[in-house]
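Peer 1: Have a look at the structure that comes next, please.
The values are calculated or read from the model by the stated rules, or taken from the named source; none is laboratory data. For clarity, every value in this text was computed on a predicted model and none was experimentally measured. So basically every Cβ, Gly included, is an ideal-geometry build from the backbone, and we count neighbours across all protein chains shown. All accessible areas refer to the heavy atoms of the entire protein, side chains included, with ligands and DNA or RNA removed. Shrake-Rupley method; radii C 1.70, N 1.55, O 1.52, S 1.80 Å.
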Amino acid sequence: MKEAEWNKQFNIGVDSIDQAHKKLFSIVRKLIQLSEDENHQQWACAEGIKYFKSYAIKHFADEESYMQSIGYKEYEIHKHLHDDMRQKTLPALEKDLSESGYSQKSIHHFLGICLGWLTAHIMIEDRAITGKIPNRWKKDNIGADMKALENGLSNTIQEILKLNTEVVSEHYNGEDFGSSIICRLTYRHKEGQHFQIFFVFEESLILQAVNSMLDMQLKKINQLVLNTAKEISQQIISQAGIRLHLHSQYQLESRHLMTIEQFQKEFNAGSFDYSILFNTRAGYFAFCMKPMERSLP
């Protein structure tokens, strides 16, 4: 598990906010230590996670008050990022923890996602408050379009993999949720525009899917599993596209696997139209979509 370290690059220049961020990292660091102690007690992790949630929610409210006090123009989008975390991500992660009996895997899911979220949120969205950089989420795709996409993906996953899904976040920031297989698909619209879709599958999810298909018990990722991940990605988009009446407008041009480093570089290179994190109980997966800068005639 990655260490939750504090350094000056996380300072945004507002003392009350910087101190709160420092405290949150301190709590995560303590939770990491507890999670890696083989003799850790469930109640200790449970109480620590409860404290993290309570402190984070209070910090969000304080930060929102500060943004309002300075008339921050991107307040509504920033607040929605907080709402997504406190109303979707934290409850979904807590549910996973409870149902697993605070297993080490579920604790690492919690810590990895919270640590990644904090890092990206502070370095981009919070620094944008003071004008150091622009915010990432230029527009907020919420409402009917987002719900239709989530339902389309959820129904397709249920049909193809026989798994129910739960939305963990509508603003996935590339947080680490364990060893993953990443597939990029490039599509071309009939009018010439290109866009990319990224699937980030937790390895346990793909292994369960392949084992279920073959009635086997593969325990390691091999070429068969990797090829299956690419095909599953394409089929999810194909079937979800039919549900959303988009299948006749787009044509697949390429699909290939990526390393986590390549994905992170792509993720940080520009804004995404959609970036959603799901939990299937067999493992997590993320769906990310962004337009390509170039468009072919």
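Peer 1: His108 passes all but one of (1) at pLDDT 90 or above; (2) closer than 23 Å to Glu202 by Cα; (3) out of contact with any Asp or Glu (no Cβ under 6 Å at 6 or more places or on another chain); (4) not small (Gly, Ala, Ser); which number fails?
Peer 2: Against the list (1) at pLDDT 90 or above; (2) closer than 23 Å to Glu202 by Cα; (3) out of contact with any Asp or Glu (no Cβ under 6 Å at 6 or more places or on another chain); (4) not small (Gly, Ala, Ser), His108 comes up short only on (1).
Peer 1: Further question on the same structure: Given (1) at pLDDT below 90; (2) over 27 Å from Met123 (Cβ atoms), identify the lone condition not met by Arg136.
Peer 2: (2)
Peer 1: Looking at the range 277-294, is at least one residue closer than 15 Å to Ser179 by Cβ, at pLDDT 85 or above, touching a strand residue (DSSP E or B) at 6+ places or on another chain (Cβ under 6 Å) and hydroxyl-bearing (Ser, Thr, Tyr)?
Peer 2: The answer is yes, given that some residue of the range 277-294 is closer than 15 Å to Ser179 by Cβ, at pLDDT 85 or above, touching a strand residue (DSSP E or B) at 6+ places or on another chain (Cβ under 6 Å) and hydroxyl-bearing (Ser, Thr, Tyr).
Peer 1: How many residues are more than 19 Å from Thr280 (Cβ to Cβ), under 8 Å from the mean Cα position of the chain (by Cα) and among the aromatic types (Phe, Trp, Tyr) when one looks only at the range 167-194?
Peer 2: Summing the residues that are more than 19 Å from Thr280 (Cβ to Cβ), under 8 Å from the mean Cα position of the chain (by Cα) and among the aromatic types (Phe, Trp, Tyr) in the range 167-194 gives 0.
Peer 1: Of the residues Ile77, Ile57, which is under 26 Å from Asn279 (Cβ atoms), buried (at least 18 other Cβ atoms within 10 Å of the Cβ) and among the β-branched types (Val, Ile, Thr)? Lay out the reasoning, then the answer.
Peer 2: On the way: Ile57 fails: buried (at least 18 other Cβ atoms within 10 Å of the Cβ).
Exactly one of Ile77, Ile57 is under 26 Å from Asn279 (Cβ atoms), buried (at least 18 other Cβ atoms within 10 Å of the Cβ) and among the β-branched types (Val, Ile, Thr), namely Ile77.
Peer 1: If Asn164 passes every condition in (1) part of a helix (DSSP H, G or I); (2) open to solvent by 10 Å² or more (accessible area, probe 1.4 Å); (3) in contact with a Lys or Arg (Cβ under 9 Å, 6 or more places away or on another chain) but one, which one does it miss?
Peer 2: Every listed condition holds for Asn164 apart from (1).
Peer 1: From the list Gly48, Gly116, Gly112, which residue is touching a Phe, Trp or Tyr at 6+ places or on another chain (Cβ under 8 Å) and in a helix (DSSP H, G or I)? Write out each step before concluding.
Peer 2: Details: Gly48 fails: touching a Phe, Trp or Tyr at 6+ places or on another chain (Cβ under 8 Å); Gly116 fails: touching a Phe, Trp or Tyr at 6+ places or on another chain (Cβ under 8 Å).
That would be Gly112, the only listed residue that is touching a Phe, Trp or Tyr at 6+ places or on another chain (Cβ under 8 Å) and in a helix (DSSP H, G or I).
Peer 1: Look at Ala92 and say whether it is among the small types (Gly, Ala, Ser), in contact with a strand residue (DSSP E or B) (Cβ under 6 Å, 6 or more places away or on another chain), assigned to a helix (DSSP H, G or I) and surrounded by 15 or more Cβ atoms within 10 Å (Cβ to Cβ). Break it down into steps so the answer makes sense when it comes.
Peer 2: Numbers: among the small types (Gly, Ala, Ser): yes; in contact with a strand residue (DSSP E or B) (Cβ under 6 Å, 6 or more places away or on another chain): yes; assigned to a helix (DSSP H, G or I): yes; surrounded by 15 or more Cβ atoms within 10 Å (Cβ to Cβ): yes.
Yes; evaluated as a whole, the condition is true for this residue.
Peer 1: Restricting to strands (runs of 3 or more DSSP E) lying wholly in the range 177-274: which have 2 or more residues that are among the charged types (D, E, K, R)? Explain how you work it out, then say what you get.
Peer 2: Details: elements: 180-189, 194-202, 250-258.
Where strands (runs of 3 or more DSSP E) fall fully within the range 177-274 and carry at least 2 residues being among the charged types (D, E, K, R), they are 180-189, 250-258.
Peer 1: Hey, any hits in the range 76-88 for a residue that's part of a helix (DSSP H, G or I), closer than 24 Å to Gly174 by Cα, over 20 Å from the mean Cα position of the chain (by Cα) and not aromatic (Phe, Trp, Tyr)? Steps first, please.
Peer 2: Residues of the range 76-88 that are part of a helix (DSSP H, G or I), as a first pass: 76-88.
Restricting the remaining residues to those that are closer than 24 Å to Gly174 by Cα gives 76-88.
With over 20 Å from the mean Cα position of the chain (by Cα) added as a condition, the list becomes 76.
Subsequent filtering for residues that are not aromatic (Phe, Trp, Tyr) retains 76.
Among the residues of the range 76-88, at least one is part of a helix (DSSP H, G or I), closer than 24 Å to Gly174 by Cα, over 20 Å from the mean Cα position of the chain (by Cα) and not aromatic (Phe, Trp, Tyr), which makes the answer yes.
Peer 1: Specify which of the listed residues (Ser26, Ser35, Ser16) is over 29 Å from Thr280 (Cβ atoms) and in contact (Cβ under 8 Å) with a residue 24 or more places away in the chain.
Peer 2: Working: Ser26 fails: in contact (Cβ under 8 Å) with a residue 24 or more places away in the chain; Ser35 fails: over 29 Å from Thr280 (Cβ atoms).
After applying the criteria, what remains is Ser16.
Peer 1: Specify which of the listed residues (Tyr72, Tyr102) is closer than 28 Å to Gln208 by Cα and assigned to a loop (DSSP other than H, G, I, E, B).
Peer 2: Working: Tyr72 fails: closer than 28 Å to Gln208 by Cα.
Tyr102 is the lone residue from the list that is closer than 28 Å to Gln208 by Cα and assigned to a loop (DSSP other than H, G, I, E, B).
Peer 1: Here is a follow-up. Of all residues being without any contact (Cβ under 8 Å) to a residue 40 or more places away in the chain and open to solvent by less than 60 Å² (accessible area, probe 1.4 Å) in the range 197-221, which is nearest to Asp176 (Cα to Cα)? Just the residue, please.
Peer 2: Taking the range 197-221 as the starting set, the residues that turn out to be without any contact (Cβ under 8 Å) to a residue 40 or more places away in the chain are 207, 210-211, 213-220.
Remaining after also requiring open to solvent by less than 60 Å² (accessible area, probe 1.4 Å): 207, 210-211, 218.
On the way: Leu207: 18, Val210: 23, Asn211: 24, Leu218: 24 Å.
If we take residues in the range 197-221 being without any contact (Cβ under 8 Å) to a residue 40 or more places away in the chain and open to solvent by less than 60 Å² (accessible area, probe 1.4 Å), then Leu207 is nearest to Asp176 (Cα to Cα).
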